[in-house]
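A.B. asks: Got a structure for you, questions after.
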Amino acid sequence: MNKRPRIELKLTQTDKILEIFGWIAIFGIWTLTLTNYFELPEIIPTHYNGIGEADGFGNKTNIFALPIISTILFIGLTILNKNPHVFNYPSEITEENALHQYTNATRMIRVLKLVIVLIFGLIVYRTIQNVNGNADGLGIWFLPLTMAMIFIPMIYFLINANKKKKTTE
């Protein structure tokens with residue numbers, strides 16, 4: 001890892017759009033939480049089981065855990081993304097493939113940052129819907145949807161990393 005090239009990546013238009021949407025999503029989850037907080041009952045769902053049914057309840061202040069955690073993860077991944085040479089890669093990083101591998105990996109992190117905030121925002125939204133009587137749990141579709149939102153981009157970017165590896169060897 002110490003021998004890996006350090007390259008300052010320039011953000012492409014796609015990268016900029018992902019970053020902007022990510023920050024908009026962070027702002028959105030906080031707005032959703034803050035604008036609905038005072039109307040929430042004192043006890044709200046705080047945990048959901050695998051089929052989306054509420055199975056844990058607690059004080060309404062627990063709703064802030066979701067935007068706080070998503071913000072910390074988002075900012076932490078944003079900072080980490082400035083150092084792609086420390087990431088794990090499926091192949092050796094060389095001067096020839098560093099730009100492709102770093103660009104691919106940092107874009108994957110950008111997509112996953114956005115996905116994380118969207119998932120947490122969806123949980124906040126559905127929790128608010130639940131306590132208002134407009135929904136019952138997260139829905140049976142929630143777990144498969146979130147798994148797809150996480151793993152499809154990861155698989156795509158892993159395939160993309162390995163494709164370039166095969167063409168440069």
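A.B. asks: At what distance in nm do the modelled label points of Ile51 and Tyr37 sit from each other, each positioned 7 Å from its Cα along Cα→Cβ?
C.D. replies: 3.5
A.B. asks: Here is a follow-up. Which three extents, in angstrom, do the Cα atoms of region 43-153 have along their principal axes, listed largest first?
C.D. replies: 57, 25, 17
A.B. asks: May I ask you to rank Leu34, Leu40 by accessible area, largest first, using a 1.4 Å probe over the protein chains only?
C.D. replies: The most accessible residue leads, giving Leu34, Leu40.
A.B. asks: Helix 142-168 sits at what angle to the longest principal axis of the chain, using alpha carbons and giving 0 to 90 degrees rounded to 10?
C.D. replies: The angle comes out near 0 degrees.
A.B. asks: Which residue, Phe120, Phe57, Phe21, tops the fluctuation ranking in a GNM of the chain built on C-alpha contacts under 10 Å?
C.D. replies: Ranking Phe120, Phe57, Phe21 by mean-square fluctuation puts Phe57 first.
A.B. asks: For the pairs Lys16/Lys113; Lys10/Lys163; Lys60/Lys82, note any where the Cα-Cα span goes beyond 24 Å.
C.D. replies: As for pairs spanning more than 24 Å Cα to Cα, those are Lys60/Lys82.
A.B. asks: What is the percent carbon and sulfur in the accessible area of region 13-73, measuring with a 1.4 Å probe over the protein chains and ignoring ligands?
C.D. replies: 71
A.B. asks: From the backbone phi of region 112-119, what are the Karplus-calculated ³J(HN,Hα) couplings (6.51 cos²θ - 1.76 cosθ + 1.60, θ = phi - 60°) in whole Hz, Gly and Pro given as x?
C.D. replies: 5, 4, 5, 4, 4, 5, 5, 5
A.B. asks: Quick one: accessible area per residue over region 1-103, 1.4 Å probe, rounded to a whole number of Å²?
C.D. replies: With all protein chains present, region 1-103 gives 64 Å² per residue.
A.B. asks: Could you grab the relative contact order for the chain? Cα pairs under 8 Å, six or more apart, rounded to a whole percent.
C.D. replies: Relative contact order for the chain comes out at 33 percent.
A.B. asks: Give the longest segment of the chain that steers clear of trypsin sites (Lys or Arg not before Pro) in DSSP loops with at most 16 neighbouring Cβ atoms within 10 Å, not counting the sites themselves.
C.D. replies: Formally, the longest exposed-site-free interval is 83-169.
A.B. asks: Run the helix sum for the chain: -39,500 (n - 2.57) per DSSP H stretch of 4+ residues, divided by residue count, reported at 222 nm to the nearest 500 deg cm²/dmol.
C.D. replies: -21500 deg cm²/dmol
A.B. asks: Report the convex hull volume per residue for region 100-169, counting only C-alpha atoms, in Å³. Each step should come with its number before you reach the end.
C.D. replies: On the way: hull volume 3.9 nm³, N = 70.
In region 100-169, the Cα hull volume divided by residue count equals 55 Å³.
A.B. asks: Which far-off residues, 5 or more places away or on another chain, put their amide H under 5 Å from the one on Tyr48, with H placed in the peptide plane?
C.D. replies: Residues meeting the criterion, in which the H sits 1.01 Å from N, are Asp55.
A.B. asks: Ok, one more. Output ³J(HN,Hα) for region 33-41: one whole-Hz value per residue in order, computed from phi by the Karplus curve 6.51 cos²θ - 1.76 cosθ + 1.60 with θ = phi - 60°, and x for Gly and Pro.
C.D. replies: These are the phi-based 3J(HN,Hα) values: 5, 5, 6, 9, 4, 6, 8, 6, x Hz.
The values are calculated or read from the model by the stated rules, or taken from the named source; none is laboratory data. Not measured: the values here are computed from a predicted model. Cβ atoms come from the backbone with ideal geometry, glycine included; neighbour counts cover every protein chain shown. Please note that ligands, DNA and RNA were not included when accessible areas were found on the heavy atoms of the full protein model with its side chains. Shrake-Rupley method; radii C 1.70, N 1.55, O 1.52, S 1.80 Å.
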